[in-house]
Amino acid sequence: MYGYIHSIETMGTVDGPGLRYVVFTTGCPLRCKFCHNPDTWLVKNGKKMSSDEILEDYEKYRPYLRNGGLTVSGGDPLVQIDFVSELFEKAKKKEIHTCLDTSGATFNTNPDRIKKFEKLLNVTDLVMLDIKHIEPEGYKTLTGGNLNETLSFLDFLAERTCCEVWIRHVIIKGYTYKTDCLYKLGYYIGGYKNIVALDVLPYHDMAVHKYERLGIEYPLKGVPPMTEEHAKKARAIIEAGMRDKLLGNESKY
Ligand code: SF4
């Protein structure tokens, strides 16, 4: 089967544990205001590649990827779920660790769709789930999408206890970098035992020139980038929410 691929990074250090071979697929139903890859939004912008071609290329780097593995990111990989399932199925036969980097957008409980998700998760070791905003309104404003898809996907992962989950969250001034939102996020995810890690990522505006080249107006014009220091503060607030949830305390918000 062929997939549509935006690019491949052979020594990724931020998309899962260890050094990773990262495949960025094209196609995404969201339009996050902070997206730094608007050129991945349309499936047709990708280059056609087969799962075998990708895995053959992976073999060249295998010695360096011993403690890592294969990550599929995007765009959103779930747009090409059949292709990613096939790629991961073949990867697992070669004993490669597989990681899916997604927002969970497109998840729904339609029986046919569920079957596809089950097939994919059977061959997925780790899901990096990007929760872009913890409030439905804020999520809609920031991404154009529906928070319920992300949270239902998290429930689905928890019910199956099939793979580990890392939560990723980007902090943006005026959108997600707010004490109540960060605490609420922590309080929400504190109830999930399958979550093993949390990445808090500072927003950056390095994609501004990409937008200019593509002739798209940059949606976060004037919003300042965030620093590691901000991320540290945000993380502490999220962890406070998680702690309260775990201890059975009432939510502060
Ligand atoms: S989910 Fe990722 S690729 Fe899609 S719009 Fe958001 S940041 Fe961009």
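Computed over the stretch 67-169, relative contact order equals 28 percent, with contacts defined as Cα pairs under 8 Å that lie 6+ residues apart. Counted residue by residue at 0.36 nm each, then reduced by the alpha carbon distance between them, the extension gain from GLU228 to LYS210 reaches 4.1 nm.
Computing FRET efficiency as 1/(1 + (r/R0)^6) for MET1 and GLU159, where r is the C-beta to C-beta distance and R0 is 25 Å, gives about 0.35.
Computed over the chain, relative contact order equals 17 percent, with contacts defined as Cα pairs under 8 Å that lie 6+ residues apart.
Out of the stretch 186-240, which trypsin sites (Lys or Arg not before Pro) are coil in DSSP terms and have no more than 16 other C-beta atoms within 10 Å?
Values: sites: LYS193, LYS210, ARG213, LYS221, LYS232, LYS233, ARG235; in loops: LYS193, LYS221.
Qualifying residues, ordered by number: LYS193, LYS221.
Work out, step by step, the length gained on full extension between HIS36 and GLU53: first 0.36 nm times the residue separation, then minus their alpha carbon distance; give nm to one decimal.
Values: separation 17, 0.36 × 17 = 6.12 nm, distance 2.67 nm.
Net length gain for the segment: 3.5 nm.
Against the longest principal axis of the chain, how steep is helix 228-247, in degrees 0 to 90 to the nearest 10, with axes from Cα atoms? Compared with the principal axis, the helix lies near 80 degrees.
By counting other Cβ atoms within 10 Å of each Cβ, how are GLU95, GLU53 ranked from fewest to most? Walk me through the intermediate numbers first.
Working: GLU95 7, GLU53 13.
Lowest to highest Cβ neighbour count: GLU95, GLU53.
Going by neighbour counts of Cβ atoms within 10 Å, the residues HIS230, HIS6, HIS209, HIS133 line up, fewest first, as HIS209, HIS230, HIS6, HIS133.
Go ahead and run the numbers for FRET between ASP180 and GLU137, Cβ-Cβ distance against an R0 of 22 Å, rounding to 0.05.
On the way: r = 13 Å, r/R0 = 0.59.
Efficiency, rounded to the nearest 0.05: 0.95.
With respect to the chain, whose longest principal axis is taken over its alpha-carbon atoms, helix 51-61 is tilted by about 80°.
Averaging sequence separations of C-alpha pairs under 8 Å and six or more residues apart, then dividing by the length of the stretch 1-128, give the relative contact order as a whole percent. Can you show the working numbers first?
Values: 252 pairs, mean separation 34.7, N = 128.
Rounded, it is 27 percent for the stretch 1-128.
Can you list the residues of the stretch 30-60 with backbone N under 16 Å from a point 7 Å past the Cα of GLU89, pointing along Cα to Cβ? Of the residues in the stretch 30-60, 50-53, 55 have backbone N under 16 Å from the label point off GLU89. On the beta carbon distance between ASP199 and ASP112, with R0 = 45 Å, the FRET formula returns roughly 0.90. Shape class for the stretch 172-238, computed from the alpha carbon gyration tensor (a ≥ b ≥ c): prolate, with a/c not under 1.5 and a/b above b/c. Among the lysines of the stretch 148-252, pairs at least eight places apart or on separate chains and with Cα atoms under 14 Å apart come to 9.
None of the figures in this text is laboratory data; all of them are computed from the coordinates on show. It should be emphasised that the depicted structure is a prediction, and the values quoted were computed from it without experimental measurement. Heads up, the Cβs are rebuilt from the backbone with ideal geometry, glycines too, and the neighbour counts pull from every protein chain shown.
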